[in-house]
Each structure stands twice: as structure tokens, then as C-alpha cells.
Amino acid sequence: MSYVQDVFNQVIERNPHEPEFHQAVNEVLESLTPVLDRHPEYESAGILERLVEPERQIVFRVPWVDDTGKVQVNRGMRIQFNSALGPYKGGLRFHPSVYLGIIKFLGFEQIFKNSLTGLPIGGGKGGSDFDPKGKSDNEVMRFCQSFMNELYRHIGADVDVPAGDIGVGGREIGYLYGQYKKLTGRFEGVLTGKGLSYSGSLVRKEATGYGLVYFLDEMIKAQGKSLQGSTVVISGSGNVAIYAVEKVNQLGGKVVAMSDSTGYIYDRNGIDLDAIKLIKEIERGRIKDYLNRHPEAEYGEGSIWNIKCDIALPCATQNELNEEDAKTLIENGCFAVAEGANMPCTPEAAHLFISNNVMFGPGKAANAGGVATSALEMAQNSMRLPWTFEEVDNRLHGIMVNIYREASQAAEEYGFKNNLIVGANIAGFTKVAEAMMAQGIV
Ligand code: NDP
């Protein structure tokens with residue numbers, strides 16, 4: 001049995017009932033055979049066996065009291081996956097679907113994504129099965145405080161620096177930060193995505209969406225295409241989706257559809273982003289509310305990928321775009337797909353895009369702008385000096401262009417020209433493997 005297969009079998013055996021984690025590991029491992037052939041020393045040093053086993057997994061009880069006085073209990077977790085390149089770095093997700101398998105898949109992806117940014121950050125992820133939807137601000141605050149009552153002892157500006165993800169935005173980061181400061185007495189860069197009034201970074205809010213479109217732009221330019229005049233469909237209507245729309249608009253594309261977990265809206269005139277920001281960032285409403293402001297738009301509850309487009313940007317959640325969706329997109333003439341969410345395309349869908357020459361930007365490369373800007377926030381916190389919007393945005397742009405180049409060069413070097421899945425996996429892996437080799441068996 002091959003080394004890769006052997007390690008993958010161990011992952012399944014040791015982590016049963018965690019299909020998302022298996023999927024993420026398999027996607028990386030199946031790219032690495034040519035690298036392992038060139039570097040037999042990685043097998044001797046057990047690099048893969050160590051890479052797939054988190055350095056530390058912390059699981060804890062999060063008790064809190066709801067507005068009716070009832071005690072609620074959620075489960076909190078933080079996976080500190082790999083610190084070869086720097087302090088653990090990765091978001092917190094609050095969503096009822098969260099369990100260890102989801103956090104492990106995200107933490108594993110994060111190792112390679114963070115490596116691709118070229119910045120000194122290791123990989124981690126955390127979260128809870130808490131659902132912020134429908135909760136009052138006070139309930140969210142009490143939950144965040146209780147979550148931090150345990151998490152604070154495991155994190156720190158040089159140890160582990162969490163950020164946001166699904167269900168964790170500026171409000172949640174604020175409450176988490178306040179409680180960390182209360183417990184430790186330290187004002188330090190222990191979380192990123194902080195508000196600008198308490199040492200957050202400009203562009204962090206926009207970073208994942210902007211970065212996604214910078215990456216997309218570089219990828220399609222290499223094939224002689226342009227965003228100018230392109231029709232774009234973007235799933236989700238959260239942080240990543242909203243700022244992806246903003247950047248697509250700035251670069252001359254037209255976004256005609258967006259969604260949330262209940263349905264999608266289709267506006268052939270182009271989505272009114274101010275209306276979406278109001279509904280989602282302020283009113284915390286449903287995407288269907290868009291019709292109140294734009295009755296000429298259409299609302300549907302089927303697959304958003306049935307809408308004809310040139311470019312598709314899945315920005316909601318894992319496995320939201322399957323093989324059928326991929327077939328439809330290809331039939332409708334879609335020429336590029338870039339993943340704003342983590343693992344939104346099923347493996348079958350991703351392979352179909354690659355084999356049909358649809359340009360495909362995998363999440364760990366295309367959505368790395370968020371964590372890259374988080375690392376820029378850490379740098380500013382360490383210096384105690386803020387950068388301007390332009391300074392951070394220019395750095396973000398440079399990082400995304402560089403990630404595209406590294407992934408496409410690695411793909412070409414190993415004989416998989418234009419396959420950015422393989423390229424991103426190899427480029428991300430190589431740096432981590434080298435650092436692990438240098439640091440001995442730890
Ligand atoms: P948000 O919570 O801000 O938004 C998530 C969006 O996705 C919402 O519109 C939500 O709809 C929708 N969604 C969530 N779950 C489902 C589901 N099961 N089916 C359909 N739609 C769903 O999260 P983010 O925008 O921050 O994150 C989106 C994706 O991007 C995630 O995969 C995340 O891991 C990834 N990502 C985020 C980064 C960041 O900086 N925030 C960085 C890199 C990747 P509803 O409101 O109805 O739940």
C-alpha cells in the first residue's frame with residue numbers, strides 16, 4: 001500500500017464519523033504523491049502522520065443563561081492543528097452544525113492556506129454548536145463571555161490567535177475580546193477582526209471577499225479573460241459574499257444573484273449591494289427581504305447554480321455546490337469558479353470543473369485574503385501602529401497575486417499545468433514540511 005493511502009486509512013480509523021475531515025485530508029493527500037516521490041525523507045520523518053494529527057484538541061462546556069432565565073449548555077472547541085510556521089491562527093465558527101469533524105476539516109485546510117500567505121502563522125480553528133441566529137445581543141454576549149472563560153487559558157498573541165468565521169462577526173469578536181481582557185488584564189492582539197476603535201485593522205472586514213476577487217482577477221487574466229462585463233453569481237450573503245460583490249462591482253462585473261440558507265434572489269439588473277448590507281449587516285434579516293425593496297427581483301429556493309453566469313463564486317458553506325450544479329454551470333457557459341467559502345465544491349464538482357477546463361480557484365488559495373489580513377492586523381498590533389486602508393489593501397492585493405503565482409508555478413513544475421488544486425496543495429505543503437523537518441520530531 002502506498003504511503004499516502006496508508007496514512008489516509010489511519011485517518012479514517014482514528015477519526016470515525018467525520019466525513020468532512022476525511023474529505024479535506026483526502027483532497028490534500030491525493031495531490032502530494034509527486035512531492036513525496038521527490039522527497040523520500042518526508043516519509044522517514046513521518047511528516048504526513050504528524051500533519052494529520054492535531055497538536056492539541058480542546059473541547060469544553062459552555063454554560064450560559066438565556067433571556068428567559070433558562071440555563072443553556074453548548075459545546076466549545078479549539079483545534080490547535082499545526083504550529084510549524086507560527087502561532088496557531090484560524091477562525092471561530094458558531095453554527096448548530098459544528099462538531100469536531102467540521103472544526104478539524106477547517107483547521108487542516110487552514111495549515112496550508114496560512115502557509116500560502118507567506119506570513120508566519122500556523123493552523124488552527126475553533127467554534128461551537130451555538131446558533132447566534134434569533135438570539136438577543138445580551139444572549140450572544142453572555143455566550144461569548146462563557147466561551148472565553150475557558151478559551152482564554154489556551155490562547156495568546158504569540159500562542160493562538162482566533163478570528164471570525166460563520167456566525168462570528170464584529171459583534172462576537174468584540175464580546176470575546178472584552179472578556180479576554182477582563183480575565184487576563186492584557187490588551188494584546190489575541191483576536192483579529194477587532195473593531196477599528198480597539199486596534200482592529202482597516203480592510204479586515206472586506207479582506208476575504210476582496211482577496212477572493214483579486215485572486216479571481218489574476219486567474220482569469222492569465223487566460224485572457226476579464227471581469228469587465230462578466231455576469232457573476234455569488235452564494236451566501238455574509239461577510240465573504242458581501243465584500244466579494246463589492247469588489248466585483250468595482251472591477252466592472254455584474255452580480256445577479258445571492259443567497260442565504262433559505263433561498264436565493266435573482267436580480268437581472270445587478271444586485272443592489274446597499275440593500276443587502278442593510279438587510280444582513282444591520283437588520284440581520286433574510287435574503288427574501290430584498291423583494292420588499294426590489295419587487296422586480298425573483299426569489300427561489302432551489303439551487304442558485306441554475307442561474308446562467310460567466311463566473312461562480314460559492315461563498316456560503318462546505319459542499320454547497322455538487323456535481324449536478326457543476327454540470328449545469330458548465331452547460332450554461334461558466335468559465336471560472338473560485339471558492340470564497342471553505343470546501344464549498346464537492347470533490348466530484350471540482351474535478352468536473354478541472355476536466356472541462358473551467359478555471360478553478362480552490363478555497364485554500366482563493367479565500368486566503370482573510371487570514372492574510374488577520375496576520376497584517378497582528379503585525380500592526382505588535383508595532384502598535386495602524387496602517388492606512390491603501391497600505392493594507394495594497395499588501396492584500398500583492399499577497400493574493402503571489403498566492404496565484406505560487407500555486408500555478410507549483411502545478412506546472414509537477415506536471416499539472418492549470419490545476420490550482422494540486423498547485424495550492426503542493427505549494428502550501430512544501431513550506432510546512434520543510435519547517436517540520438527543520439524542527440525535529442515534535
Ligand atoms: P457569515 O456567517 O458571515 O455568512 C455565511 C453565509 O452563508 C450566510 O449568508 C448564511 O446564510 C450562508 N450559509 C451558512 N450555512 C449555510 C448552509 N448550510 N446552506 C446555505 N447557506 C448557508 O460567514 P462568512 O461569510 O464569514 O463565511 C462564509 C464561508 O467563507 C465559510 O465557509 C467560511 O469558513 C469561509 N471563510 C470565511 C472567512 C472570513 O474571513 N470570514 C475567511 C475564509 C473563509 P444564513 O444567514 O441563512 O445562515
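The values are calculated or read from the model by the stated rules, or taken from the named source; none is laboratory data. Nothing here was measured: the structure is a model prediction, and the numbers come from that model. Backbone-built Cβ (ideal geometry, glycine too); neighbour counts: all protein chains shown. Side chains included, ligands, DNA and RNA excluded: accessible areas come from the protein's heavy atoms. Shrake-Rupley method; radii C 1.70, N 1.55, O 1.52, S 1.80 Å.
Being of a type in the set (Asp, Glu) and surrounded by 18 or more Cβ atoms within 10 Å (Cβ to Cβ): is that true of residue 320 here? Full working, then the answer.
Values: of a type in the set (Asp, Glu): yes; surrounded by 18 or more Cβ atoms within 10 Å (Cβ to Cβ): yes.
Yes: the conditions hold for residue 320.
Scanning the range 387-396 for residues that are of a type outside the set (Val, Ile, Thr) and surrounded by fewer than 16 Cβ atoms within 10 Å (Cβ to Cβ) yields 389, 390, 391, 394.
Identify the residue in the range 336-368 that is within 8 Å of the ligand (Cβ to nearest atom) and closer than 20 Å to residue 411 by Cβ and, among all such residues, is farthest from the chain's Cα centre (by Cα). The selected residue is 343. For residue 68, the criteria (1) out of contact with any strand residue (DSSP E or B) (no Cβ under 7 Å at 6 or more places or on another chain); (2) closer than 30 Å to residue 437 by Cβ hold in every case but one, which is (2). Scanning the range 285-312 for residues that are without any contact (Cβ under 8 Å) to a residue 12 or more places away in the chain, within 13 Å of residue 260 (Cβ to Cβ) and assigned to a loop (DSSP other than H, G, I, E, B) yields a single hit, 285. With respect to the conditions (1) surrounded by 24 or more Cβ atoms within 10 Å (Cβ to Cβ); (2) among the hydrophobic types (A, V, I, L, M, F, W, C); (3) not assigned by TED's automatic domain parsing to the domain that holds residue 357, residue 202 falls short on a single one, namely (1). All conditions but one from (1) in the same structural domain as residue 329 (by TED's automatic domain parsing); (2) within 10 Å of the ligand (Cβ to nearest atom) apply to residue 192; the one that does not is (1).
If the condition is being touching a helix residue (DSSP H, G or I) at 6+ places or on another chain (Cβ under 7 Å), open to solvent by 40 Å² or more (accessible area, probe 1.4 Å) and more than 16 Å from residue 136 (Cα to Cα), then the range 67-96 contributes only 85.
Can you spot a residue in the range 268-281 that is within 16 Å of the ligand (Cβ to nearest atom), of a type in the set (Asp, Glu), within 18 Å of the chain's Cα centre (by Cα) and surrounded by fewer than 22 Cβ atoms within 10 Å (Cβ to Cβ)?
Filtering the range 268-281 down to residues within 16 Å of the ligand (Cβ to nearest atom) leaves 271, 273, 275-281.
Still in the list and also of a type in the set (Asp, Glu): 281.
Checking the rest, the ones that are also within 18 Å of the chain's Cα centre (by Cα) come to none.
Checked against the condition, which is being within 16 Å of the ligand (Cβ to nearest atom), of a type in the set (Asp, Glu), within 18 Å of the chain's Cα centre (by Cα) and surrounded by fewer than 22 Cβ atoms within 10 Å (Cβ to Cβ), the range 268-281 yields no hits at all.
Here is a list: 141, 148. Which entry is out of contact with any Ser or Thr (no Cβ under 8 Å at 6 or more places or on another chain), open to solvent by 30 Å² or more (accessible area, probe 1.4 Å) and not assigned by TED's automatic domain parsing to the domain that holds residue 242?
Exactly one of 141, 148 is out of contact with any Ser or Thr (no Cβ under 8 Å at 6 or more places or on another chain), open to solvent by 30 Å² or more (accessible area, probe 1.4 Å) and not assigned by TED's automatic domain parsing to the domain that holds residue 242, namely 141.
If you check every pair at least six apart or on different chains, which have Cβ atoms under 8 Å apart with a residue in the range 160-187 that is without any contact (Cβ under 8 Å) to a residue 60 or more places away in the chain and away from the ligand (no atom under 16 Å from the Cβ) first and a residue that is of a type outside the set (Gly, Ala, Ser) and in a loop (DSSP other than H, G, I, E, B) second? What qualifies is 177/190; 177/191; 177/194; 180/155; 180/186; 180/190; 180/191; 181/187. In the range 173-197, which residues are more than 19 Å from residue 88 (Cβ to Cβ) and charged (D, E, K, R)? Passing the criteria: 181, 182. On inspection, residue 298 does not qualify as within 11 Å of the ligand (Cβ to nearest atom), open to solvent by 10 Å² or more (accessible area, probe 1.4 Å), in contact with a strand residue (DSSP E or B) (Cβ under 6 Å, 6 or more places away or on another chain) and not hydrophobic (A, V, I, L, M, F, W, C).
Filtered by the rule that a residue be assigned to a loop (DSSP other than H, G, I, E, B) and either among the aromatic types (Phe, Trp, Tyr) or away from the ligand (no atom under 15 Å from the Cβ) (or both), the range 100-124 gives 118, 120.
Which condition breaks for residue 425 when tested against (1) polar (S, T, N, Q); (2) out of contact with any helix residue (DSSP H, G or I) (no Cβ under 7 Å at 6 or more places or on another chain); (3) surrounded by 23 or more Cβ atoms within 10 Å (Cβ to Cβ)? Failed condition: (2).
Of the residues screened, residue 212 is not one that is within 28 Å of residue 191 (Cβ to Cβ), within 16 Å of the ligand (Cβ to nearest atom) and touching a Pro at 6+ places or on another chain (Cβ under 8 Å). Return the pairs, sorted by first residue and then second, in which the second residue is open to solvent by less than 20 Å² (accessible area, probe 1.4 Å) and part of a loop (DSSP other than H, G, I, E, B), the first residue lies in the range 233-256 and is near the ligand (Cβ under 8 Å from one of its atoms) and small (Gly, Ala, Ser), the beta carbons are less than 7 Å apart, and the residues are 6+ apart or on different chains. Partner pairs satisfying both residue conditions: 235/315; 236/315; 236/341; 241/315; 241/340.
Of all residues in the range 377-385, one or more are within 14 Å of the ligand (Cβ to nearest atom) and either in a loop (DSSP other than H, G, I, E, B) or in contact (Cβ under 8 Å) with a residue 60 or more places away in the chain (or both).
Restricting the search to helices (runs of 4 or more DSSP H) fully inside the range 5-99 and requiring at least 2 residues that are within 16 Å of the ligand (Cβ to nearest atom) and modelled with pLDDT under 95 gives an empty result.
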